Amino acid sequence: MFNSKETERFGTLETPFYYYDLKLLRKTLDEYTSYLHKYNYHAHYAFKANANDRILSVIREYGLGADCVSGNEVALALKSGFSPDKIVYAGVGKSDKEIITALSGGIFSFNCESVPEIEIINSIASSMGKTAGISLRINPDIDAHTHKYISTGRSQDKFGISPWMFDDVLATVSKSKNVHLTGLHFHVGSQITDLKVFAMLCKRVNEIQRWFEERGVKIENINLGGGLGIDYENPGENPVSDFKTYFEIVNKNLEVRPGQQVHFEPGRTIVAQCGTLVSRVLYVKIGKGKKFAILDAGMNDLIRPALYQAKHKIENLTSKGRKMRYDVVGPICESSDRFGKNIILPATSRGDLIAIRSAGAYGQVMAMRYNQKELAPEYYSE
């Protein structure tokens, strides 16, 4: 919950807007990087979670690299001062133009997802007189027990190289003179709260690494991706994810070879809790057996509830009335423009300030101008 000074400040601002608590962001990064240092691990922040300039500036201060999924993200990482030798570039559909951007920037590694992609990167690198570092993104066929739209490591998902392709991949790499195999990359999904999934992933990585070693392939780097979840239900009580248990699981279960480097790609778990979407109530409408709190923020500002059926904690910052139930909805001309059903709030009326919490990841970065709505601006605690 926000203090009275913050709420008073919110009341002077035009809504909707994103508010970022940079103190919480730094607290999260302090804890996360303490475990990186403890275990001598490396991390590349996932730009797709939030590419806000101020957020990126703080993250860069902590020495994290960048995990990018488009050529424009690579360009932004370079422009934002992230070291090229800490930039990794993933994605199933890298265009020639994007590959050229990344090669020109001298990035650390492409996370490659298919044989044709390796061939194209090799061809473009050859034409540019460069050698591309590549990691093989492996599909380990692990169900992360998360929403089907953010599961990425099952055999039916579009991502990664399946084990039955390994022989062809090695044959392609061996004849490609302008790529250098730097490691193996894995990512099984997002918002994973069952930490046993990460133990399963480590054991699967161990098996796959042994397969490559048996064929004389030395693996310099293991990249376990990201995916650690946050507490959307109780962000105030649990503002920082359980990094301690997460890293203990990896340290216990992953077989690390001498000199081998271990990498991660955190996104949501770094930035989600520091961001809040603040809105005003436009109308309270009485429906059949229910009340609608209609906000000036909509799915154009925060699409996760419409896209993933995601649930965010919703708070009325200005009312202290008796508790009532509302469907909290936006102004967009779509039935899916709804933030929550049967949400318990203090008696709500026009002009009340509403906070939609845990919106720092996949919020502002996914905003759009549907219905010709303006993009919500951002404000900061500092």
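Here are the numbers for this structure:
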| item | result |
| --- | --- |
| Residue list for the stretch 208-241, filter: polar (S, T, N, Q) and assigned to a loop (DSSP other than H, G, I, E, B) | Asn234, Asn238, Ser241 |
| Elements of type helices (runs of 4 or more DSSP H) in the stretch 20-139, at least 1 residues being within 23 Å of Leu184 (Cα to Cα) and out of contact with any strand residue (DSSP E or B) (no Cβ under 6 Å at 6 or more places or on another chain) | 22-39, 71-79, 96-105, 115-127 |
| Selected residue (only one of Lys290, Lys244, Lys218 is assigned by TED's automatic domain parsing to the domain that holds Ala359, surrounded by fewer than 22 Cβ atoms within 10 Å (Cβ to Cβ) and basic (Lys, Arg)) | Lys290 |
| Number of positions in the stretch 312-344 that are among the basic types (Lys, Arg), surrounded by fewer than 17 Cβ atoms within 10 Å (Cβ to Cβ) and closer than 24 Å to Glu8 by Cβ | 3 |
| Selection count where residues are surrounded by fewer than 16 Cβ atoms within 10 Å (Cβ to Cβ), within 22 Å of the chain's Cα centre (by Cα) and hydroxyl-bearing (Ser, Thr, Tyr), scope the stretch 13-42 | 1 |
| Among residues of the stretch 356-377, those that are in contact with a strand residue (DSSP E or B) (Cβ under 7 Å, 6 or more places away or on another chain) and surrounded by fewer than 16 Cβ atoms within 10 Å (Cβ to Cβ), counted | 1 |
| So Ile55, is it buried (at least 19 other Cβ atoms within 10 Å of the Cβ), under 26 Å from Leu224 (Cβ atoms), out of contact with any Cys (no Cβ under 9 Å at 6 or more places or on another chain) and not assigned by TED's automatic domain parsing to the domain that holds Ile303 | no |
| Cβ pairs under 8 Å, 6+ apart, first in the stretch 1-12 and surrounded by 10 or more Cβ atoms within 10 Å (Cβ to Cβ), second among the aromatic types (Phe, Trp, Tyr) and in a loop (DSSP other than H, G, I, E, B) | Phe10/Phe2 |
| Members of the stretch 158-207 that are among the acidic types (Asp, Glu) and in a helix (DSSP H, G or I) | Asp167, Asp168, Glu207 |
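The values are calculated or read from the model by the stated rules, or taken from the named source; none is laboratory data. Only a predicted model underlies this, so the values are computations on that prediction, with no experimental measurement involved. Cβ coordinates were reconstructed from backbone atoms using ideal geometry, including for glycine residues, and neighbour counts include every protein chain displayed.
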